[in-house]
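Here, each number is a calculation from the coordinates, and none is a lab measurement. Model, not experiment: these values are computed from the prediction. We place every Cβ from the backbone using ideal geometry, glycine too, and count neighbours over all the protein chains shown.
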Amino acid sequence: MYDVLIIGSGAAGLTAALNAKQNGSKVAILSKTYPTHSQTVQAQGGINAVLYEDDDSVNTHVSDTFKASCNLSNKENINFMCKNAKETIFWLDKIGVPFTRNKSDNIAQRKFGGTEKIRTCYSSDYTGLKILHTLLDQCIKNDIMFINEHILLDLIIEDNVCFGVIAIDIVSGAIIEIKSKSTILASGGYAGIYTNFTTNSFANTGDGLAIALKCGAFLSNIEFVQFHPTALVDSNILVSESARGEGGYLLNKDGKRFIDELKSRDEVARAIFTKIKSNEKVYLDLRHLGHDKINQVMPQEKKLALEFSKVNIEEELLPINPAAHYSMGGIKTDIESKTNIVSLYACGEVAQSSIHGANRLGGNSLLEIVTFGKVAGINASNNAKEIKDIDNTTSKKLLKQKTYINQIYTYTNEINFYENKDYLGKLFFDNVGLFRNEQNLKFAIKELEKIKNKIPKMGILDKSKQYNKNLVEFLEFLNMIEIAEVIARTALNRKESRGSHYRNDYPEERESYQKNSLIKKIDNNLQLSFEEVS
């Protein structure tokens, strides 16, 4: 039994663990893979903070973040994050993150889209990876327990209080329960649902959200999915916004620039996608930046372009396209990272912490996960200190999950669920993607119903217990279907265009929809509503 159990080992989970441990709690991190596989490494370009106030201010950072959110965020929460940003950067610097320095040996900053100010701190174009590795080193140094290669199955909840989780040990196949006084979900977002059209890793399948929803947690703003403007054609590997922040151009088939490269991500992505839908290729041009600058500030982009697109960015144009990248929605939390379930917290991309609203400002994702990772860790730790003991008898949910997994082994294998997973990705990119409308959204929902009805015929071929990746991937697929339905239904319910949610049939923002969507599940049925922005 642990004081604080954290699900997910990206930067949000590691930050939460480190702070909970330093606050005197017994801590463990449960992860489906390993920390270094986390989605945090995709946040390449940088982390925002006002470090030098000669030409910037915290108030401007707050204003830029609120504007990007299209009025769907909480200014108190944003203000908290932005006011603490400088302290957050200096803490990361102190524990060993190798930030790039300028000639004065201060932390260097670059410009990102959605603002006129230069406030994005970076470590070459490996920022998320460097932050993650540093946090992991600190967690190891602090003797934090890692429970790797375990996939979450359920939350142990009684009378709206969370007492831990049920999980599968992927290596042995054992289904186990882990009790805890406080539990933190930091399991990542859901843009991975757009299979073959996403920058996300294969492991990013919305597990935490799907399970939290089934257990009574409120989700919010799930319709808002950010499509990154620049991913490599065919592979959809991310080309960081740092490439445009450092002066890269977007060119059409005639070699002409057609949009301000540093507009908000939703505008740039839609402009690129419109060209591509007209059978035009779009290119990222970095040639004018020169050998020295490319090798200094974007060595990873150079390597990825050469390895996956066979393009030397110092001499050639790089073909790009938009891809699903980040999910603004998530489990609804307050400024203390609390959910509506007692002793259950959420932080990072799995949470809707009322920061990003309809469209995330580039450079704010890393800032949010570290800021609210700390908040979640300390609050979960303090909550655990107030709980003397929890019931250590075996929960009813353990038997329920064992029965459920055994049932999956009996499913027939008449239909290949991997093919349906690929179909789901294309279905959503085409119909619930950068451009949406009622007809396409209803079509996607209808197709989802067909897939759901066929699930008992999509069994697994591998019937073994040990290291059964076939089973793991089937469970991930079920979670993807669960959240895909929420995306489509909330997108249909929001009859306007706002930020990343753009509808051809309702192309304008509407004041009546200046509200956050709220999703809960009652008797296995989705209940959709809107609530006022705090």
Can you tell me the relative contact order of the chain? Whole percent, Cα pairs under 8 Å, sequence separation 6 or more. 21 percent
Give the aspartates and glutamates reachable from LYS454 as a straight Cα distance under 20 Å; neighbours fewer than 8 places away on the same chain don't count. GLU414, GLU419, ASP422, ASP462, GLU473, GLU476, GLU482, GLU485
Tell me, how many Å apart are the Cα centres for region 1-48 and for region 60-109? 20 Å
Using the charge dipole of the chain (Lys, Arg: +1 at Cβ; Asp, Glu: -1 at Cβ; taken about the Cα centre), state which of VAL370, GLY329, SER31 has its Cα farthest towards the positive end. SER31
Semi-axes of the equivalent ellipsoid for the chain, please: Cα gyration tensor eigenvalues, times 5, square-rooted, ordered largest first, whole Å. 34, 28, 22
Where Lys and Arg each count +1 and Asp and Glu each count -1, what net charge lies around PHE202 among other residues with Cβ under 15 Å from its Cβ? -2
The set of residues whose placed amide H lies less than 5 Å from the amide H of ASN413, leaving out same-chain residues fewer than 5 positions away, is GLY459
Near LYS86, within a Cβ-to-Cβ distance under 12 Å, what is the net charge of the other residues, with Lys and Arg +1 and Asp and Glu -1? -2
Kyte-Doolittle at least -1.0, axis length at least 27 Å by Cα - qualifying DSSP helices, the chain: 364-385, 469-493
Using each residue's phi in region 116-124, evaluate 6.51 cos²θ - 1.76 cosθ + 1.60 at θ = phi - 60° and report the 3J(HN,Hα) Karplus result to the nearest Hz, with x for Gly and Pro. 8, 9, 9, 9, 9, 6, 8, 10, 6
Among ILE405, GLY348, TYR249, whose Cα projects farthest towards the positive end of the dipole of the chain, with charges put on the beta-carbon of Lys, Arg (+1) and Asp, Glu (-1)? ILE405
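Counting other C-beta atoms within 10 Å, and keeping those with at most 11, which DSSP coil chymotrypsin sites (Phe, Trp or Tyr not before Pro) do you find in region 244-324?
Qualifying residues, ordered by number: none.
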Can you list residues whose amide H is under 5 Å from SER264's amide H, if they're 5+ apart or on another chain and H is modeled 1.01 Å from N? GLY114
Percentage, to the nearest whole number, of Cα pairs in region 430-478 over 15 Å apart: 59 percent
In region 396-506, with Lys and Arg counted as +1 and Asp and Glu as -1 at Cβ, which of these residues, THR490, ASN416, SER500, has the Cα nearest the positive end of the dipole, that is, farthest along it? THR490
What full-extension length gain, to one decimal in nm, is calculated for LYS83 and LYS495 as 0.36 nm per residue of separation minus the Cα-Cα distance? 144.9 nm
Can you pull out the GluC sites (Glu not before Pro) in region 361-426 whose DSSP state is coil and whose Cβ has at most 14 other Cβ atoms within 10 Å? GLU386, GLU414
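Mind checking the dipole of region 229-323: about its Cα centre, +1 per Lys or Arg Cβ, -1 per Asp or Glu Cβ, Debye to the nearest 20?
That gives a dipole near 260 debye.
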Taking the alpha-carbon centroid of each part, what is the distance from region 486-515 to region 250-326 in angstrom? 29 Å
Amide H neighbours of TYR467 under 5 Å, at least 5 residues apart or on other chains, H built in the peptide plane: list them. VAL171, SER172, GLY173
Where nothing but the Cβ of Lys and Arg (+1) and of Asp and Glu (-1) is charged, how large is the charge dipole of region 396-506 around its Cα centre, in debye to the nearest 20? 500 debye
Neighbour net charge for VAL342 - beta-carbon separation under 14 angstrom, K R +1, D E -1: -3
